[in-house]
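The values are calculated or read from the model by the stated rules, or taken from the named source; none is laboratory data. The structure presented is a predicted model; accordingly, all values stated were derived computationally and were not measured. Heads up, the Cβs are rebuilt from the backbone with ideal geometry, glycines too, and the neighbour counts pull from every protein chain shown. In case anyone asks, the SASA skips ligands and DNA or RNA and just uses the protein heavy atoms, side chains included. Shrake-Rupley method; radii C 1.70, N 1.55, O 1.52, S 1.80 Å.
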Amino acid sequence: MSKSSLTWSALVLSVALASGFALTTPSLAAEPAAETQAMQQPLPLSVGRVADNMGKPGVYVFDCNPKDLYEKSHVPGATPINVADWQKLLPKDKKDTFLIFYCVNRMCNVSWEIASETLKLGYQNVYVMPDGIQGWIQHGMKYEGTLVGQVERQAEIDKRLQEEMANRAKR
């Protein structure tokens, strides 16, 4: 193709785009609602955003961890949802509720899987806290469970050991 042909093709394309000429086929322009629904994904929320919305009307937090992990540590007020018939634990209102799911940390996909299934059930406001309970605790947020206090005690021990090692290195 010659240089003038390429220039002419670029000019025609530019004019077509500038005039609003649609380059889509009619079959792609109007997707069925079912296909759009299938493309929805849960949205990620930071630990801070979850903490800011805790306790607000219509906000539900679900712990996707196995029972033993839930018992050790969970977000205050979170409902354990890693059970048979978990769908029965969801609120009836699918439009005006906000569902937040989490598991252990970013390496766990269970919260994403359950959140995706929840979207398929017709819920519209579905979120995941990717940092999970580990991120929640690491950000200094209050938590419930049998480990309450143990993490803080270990952090204090680690801090004292680091200070002692630093003092020894100065000598």
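Among all the lysines, which ones have a C-alpha under 19 Å from LYS67's C-alpha, if same-chain residues fewer than 8 places away are not counted?
LYS88
Given H placed 1.01 Å from N in the peptide plane, which residues other than close sequence neighbours of LEU45 have an amide H under 5 Å from its amide H?
The list, which skips near neighbours in sequence, is VAL128, MET129.
Of all accessible surface on the stretch 34-171 at a 1.4 Å probe, what whole percent is carbon and sulfur?
53 percent
Which value in nm describes the separation of the simple spin-label points at VAL151 and GLN138, placed 7 Å from the Cα toward the beta carbon?
1.1 nm
Quick check for you: with a 1.4 Å probe and neighbouring chains kept, what is the accessible area per residue of the stretch 121-171, in Å²? Write out the running numbers ahead of the final one.
Values: 3720 Å² over 51 residues.
That works out to 73 Å² per residue.
When the convex hull of the C-alpha atoms of the stretch 52-118 is computed, what volume per residue in Å³ does it have? Each step should come with its number before you reach the end.
Numbers: hull volume 6.3 nm³, N = 67.
Each residue corresponds to 94 Å³ of Cα convex hull volume.
Among the listed pairs LYS94/LYS142; LYS72/LYS120; LYS56/LYS92, which are separated by more than 20 Å between their Cα atoms? Before the final figure, lay out the partial values.
On the way: LYS94/LYS142 29 Å; LYS72/LYS120 31 Å; LYS56/LYS92 17 Å.
Pairs exceeding the cut-off: LYS94/LYS142; LYS72/LYS120.
When the Karplus curve 6.51 cos²θ - 1.76 cosθ + 1.60 is applied with θ = phi - 60°, which whole-Hz ³J(HN,Hα) does each residue of the stretch 140-147 get, with x for Gly and Pro?
Result, ordered by residue: x, 7, 5, 9, 10, x, 6, 8 Hz.
Excluding same-chain residues fewer than 8 positions from LYS170, which lysines have a Cα within less than 27 Å of its Cα?
LYS159
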